[in-house]
1. Identify, by number, the condition in (1) assigned to a helix (DSSP H, G or I); (2) out of contact with any helix residue (DSSP H, G or I) (no Cβ under 6 Å at 6 or more places or on another chain) that S103 doesn't meet.
2. Taking S119 as the residue in question, decide whether it is farther than 24 Å from G79 by Cα, touching a Leu at 6+ places or on another chain (Cβ under 7 Å) and crowded, with 17+ Cβ neighbours inside 10 Å.
3. Only residues that are touching a Phe, Trp or Tyr at 6+ places or on another chain (Cβ under 8 Å), part of a strand (DSSP E or B) and open to solvent by 30 Å² or more (accessible area, probe 1.4 Å): list them for the stretch 171-200, please.
4. Just one of (1) closer than 24 Å to P150 by Cβ; (2) at pLDDT below 95; (3) out of contact with any strand residue (DSSP E or B) (no Cβ under 8 Å at 6 or more places or on another chain); (4) not polar (S, T, N, Q) trips up A73, so point out which.
5. Identify, please: which residue in the stretch 122-159 is open to solvent by 10 Å² or more (accessible area, probe 1.4 Å) and among the charged types (D, E, K, R) and is, among those, nearest to C187 (Cα to Cα)?
6. Restricting to the stretch 58-102, what's the tally of residues that are touching a residue at least 60 places away in the same chain (Cβ under 8 Å), among the polar types (S, T, N, Q) and surrounded by fewer than 20 Cβ atoms within 10 Å (Cβ to Cβ)?
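The values are calculated or read from the model by the stated rules, or taken from the named source; none is laboratory data. Values in this document were obtained by computation on a predicted structure and should not be read as measured data. Backbone-built Cβ (ideal geometry, glycine too); neighbour counts: all protein chains shown. Only protein heavy atoms, including side chains, enter the accessible area calculation; ligands, DNA and RNA are left aside. Shrake-Rupley method; radii C 1.70, N 1.55, O 1.52, S 1.80 Å.
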Amino acid sequence: MSRRPALLVLATTLALTLTAATGAAAPLIKKGAALAGRKVAPASSPASAAPAAGPDVSLAAADQSAVVAAHNALRTEVGVGPLAWDAALSTYAQNHVKTLIGSCALSHSGGPHGENLASWTGAAGPANALALWGAEKTKYAGAGAAYTGPADGAGHYTQVIWRATTKVGCARATCDKNGMSWSIVSCNYAPRGNVMGERVY
């Protein structure tokens, strides 16, 4: 019996409980329950200083452009301004995603930035993460109003389209789990989104 690709996604902001997902008839996306909407005081982190030792998990220039373009396509749909690539946020994402390689599991950094994580099997490039996060827009019914939490299951999407966010930086790692090769993408955002009581857009 052949294995179908499996997809895993976690909601934006802080730590989540990961639920493994494997596809039977079709790929599945499963999410954990987010501890969302907390205001976190800006803090410096060793993860943002310089790339840590280990494999190169940075994105090539073409992948950076594709990820930014995919973000901005979703943002244009709701009338908010574009994001720009940020090297410091990318370094932060690189350092965090390296810590996930050993377990090949998604876990948030708990850092001062907004954060989206996704993983999948197969050869899709890093911009595939935006297809997963963007698919949540069908669950979002807030029409840009004040953020009330992740109960709607659209936390990745609301971080992507968050009006006040202006910068993004991402990284991609690969790891092996259950005999399959996985991609893990982490994108970090500033200013962070999904802040309780603030407008999404």
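1. Checking S103 against (1) assigned to a helix (DSSP H, G or I); (2) out of contact with any helix residue (DSSP H, G or I) (no Cβ under 6 Å at 6 or more places or on another chain), the one that fails is (1).
2. Details: farther than 24 Å from G79 by Cα: yes; touching a Leu at 6+ places or on another chain (Cβ under 7 Å): yes; crowded, with 17+ Cβ neighbours inside 10 Å: yes.
So S119 fits the description; yes.
3. T174, D176, R199
4. Looking at each condition in turn, A73 falls short on (2).
5. Applying the filter and picking the extreme gives K137.
6. Count: 2.
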